[in-house]
Amino acid sequence: MTAQEREATILRLQPVVRRIALAESRRIPRVELDDLISDGYLGLIVAVDTYEPERGMSLDRYARRKILYAMLDGVRRNDCASQLARRVLKSAETDRYSFAVRVGRMPSRRELEQRHPRLRYAQRSAQLRQPLSIDAAMPIDALVPLDWDADPASMVCAVETRAAVRKALGRLPARHRELLGLYYGGSRLEDLAQRFTLTKQRVAQLRDHALKTVRRQVAAS
């Protein structure tokens, strides 16, 4: 590949970097789009310079893989928490929604810590070492306490709404409850389709139907 061909290839694949960065910025919390794009460009250059057509993979596919890997490496490099802490947090979050599906309520903090002994350490590691930003939301544990001078009627209404949602979820078929729990626990439609042996379109239909049922029952309560 000549220098002119190399430059033309990089220019042609530049829009791919932005598309992947936009997708990953929606999936990964507290990550800057510009950082993803910067790391992605480095991955694109590496892909063009190391591409070997005799391996049988197209350049576009190889570049997409290298771009994504470069972005994920950048995210890991800038993450203040250890990989162990992140694994513990992810496992606890998945378990939290699975527990809610099985039992019909969210687990308490103590119940989660009993099931995941390193959870408190992982949360402190992720929050205390996370630099604050004027553009990002505050960590959940650092939020201002509830306003006890707020309208009591609004507070009661919020409590009643949560109770109605829990009741409506309890009336759903077990399969629909499990699907919603996994979906809002972070599972993608592709993962759910494989788990339930359905198409992505059918999973989306079941999800929408379950949500409509919950909303209808909450509105009628």
- Note on the structure: Every listed condition ((1) over 22 Å from S98 (Cα atoms); (2) modelled with pLDDT under 80) holds for I140 save (1)
- Task: Kindly indicate whether R115 is basic (K, R) and more than 24 Å from I20 (Cβ to Cβ).
- Result: yes
- Residue satisfying all of: in the stretch 202-221; β-branched (V, I, T) and more than 24 Å from the chain's Cα centre (by Cα); modelled with the highest pLDDT among these: T213
- Message: Within the stretch 7-15, does at least one residue satisfy the condition of being closer than 29 Å to L182 by Cβ and either at pLDDT 90 or above or under 19 Å from the mean Cα position of the chain (by Cα) (or both)?
- Response: no
- Item | Failed item, numbered, when M57 is tested on (1) of a type in the set (A, V, I, L, M, F, W, C); (2) within 30 Å of H176 (Cβ to Cβ); (3) assigned to a loop (DSSP other than H, G, I, E, B) | (2)
- Query: Can we say V48 is outside any helix (DSSP H, G or I) and either surrounded by 17 or more Cβ atoms within 10 Å (Cβ to Cβ) or in contact with a Gly (Cβ under 9 Å, 6 or more places away or on another chain) (or both)?
  - Reply: no
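Each row is one residue, and each column tells you yes or no for (1) touching a Phe, Trp or Tyr at 6+ places or on another chain (Cβ under 9 Å); (2) under 30 Å from A168 (Cβ atoms).
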{"residue": "D35", "(1), (2)": "no, no"}
{"residue": "Y41", "(1), (2)": "no, no"}
{"residue": "S58", "(1), (2)": "no, no"}
{"residue": "R61", "(1), (2)": "no, no"}
{"residue": "R102", "(1), (2)": "no, yes"}
{"residue": "E111", "(1), (2)": "yes, yes"}
- Item | Candidates L42, L89, L68, L72 - the one that is assigned to a helix (DSSP H, G or I), of a type outside the set (G, A, S) and farther than 24 Å from R188 by Cα | L42
- Message: Can you confirm whether A168 is part of a helix (DSSP H, G or I), in contact (Cβ under 8 Å) with a residue 40 or more places away in the chain, under 19 Å from Y97 (Cα atoms) and outside the structural domain of R87 (by TED's automatic domain parsing)?
- Response: yes
- For residues in the stretch 187-210 being hydrophobic (A, V, I, L, M, F, W, C) and in contact with a His (Cβ under 9 Å, 6 or more places away or on another chain), which is farthest from G104 (Cα to Cα)? L206
- Query: So V31 clears everything in (1) part of a helix (DSSP H, G or I); (2) in contact (Cβ under 8 Å) with a residue 40 or more places away in the chain; (3) within 14 Å of M71 (Cβ to Cβ) except one condition, right? Which one?
  - Reply: (1)
- Message: Anything in the stretch 175-186 that is farther than 19 Å from P107 by Cα and surrounded by fewer than 18 Cβ atoms within 10 Å (Cβ to Cβ)? List them, or say none.
- Response: R175
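The values are calculated or read from the model by the stated rules, or taken from the named source; none is laboratory data. Fair warning: this is a prediction, and the values are worked out from it, not measured in the lab. Neighbour counts are summed over all protein chains in view; Cβ atoms, including those assigned to glycine, are modelled from backbone coordinates with ideal geometry.
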